[in-house]
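For reference, the structure is listed below as structure tokens.
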Amino acid sequence: MHEGLFAFEGDALRHHVQTGPDLDHVGWFTQIGLPSHGPAYDAILRGRVTHDVDTGRVIIGIYGAAYLSNRRYRQVVEAFELDEGEVVEKRLTEPY
């Protein structure tokens, strides 16, 4: 199980595996050439994968949508090598 950040650039998944909070989406997008602020940033479907040590669940947190489509969900699960039995999707509201 890996943790990190993800974003969909059109239909293509971009992901960044990390062992701690070394980057947020703004810093990561700056590195990979995606918009890091403004309406273009807000329009990118993005999220993070984290492990909740209290529940043992893996959280796929999404900004701007309640859930991922089935195809996008599968892409995230495969990219981060997640066990679907542990996954919970959650809408994120914090700014990054």
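When the stretch 75-96 is filtered for residues that are surrounded by 11 or more Cβ atoms within 10 Å (Cβ to Cβ) and touching a helix residue (DSSP H, G or I) at 6+ places or on another chain (Cβ under 9 Å), the ones remaining, listed by number, are Val77, Leu82, Val87, Glu89, Tyr96.
Consider the stretch 4-31 and keep the residues that are assigned to a loop (DSSP other than H, G, I, E, B) and within 13 Å of the chain's Cα centre (by Cα). The one that is nearest to Leu92 (Cα to Cα) is Asp24. Tell me, yes or no, whether the stretch 28-35 has at least one residue that is surrounded by 11 or more Cβ atoms within 10 Å (Cβ to Cβ) and modelled with pLDDT under 90. No - not one qualifying residue is present in the stretch 28-35. Taking residues in the stretch 9-30 that are under 17 Å from Ala79 (Cα atoms) and aliphatic (A, V, I, L, M), and partners anywhere that are at pLDDT below 90 and surrounded by 13 or more Cβ atoms within 10 Å (Cβ to Cβ), the pairs with Cβ atoms closer than 9 Å and at least 6 places apart or on different chains are Val17/His2.
The values are calculated or read from the model by the stated rules, or taken from the named source; none is laboratory data. Bear in mind that the values here come from a model prediction, so they are computed numbers and not experimental data. No Cβ is skipped: glycine too gets one built from the backbone with ideal geometry, and neighbour counts run over all protein chains shown.
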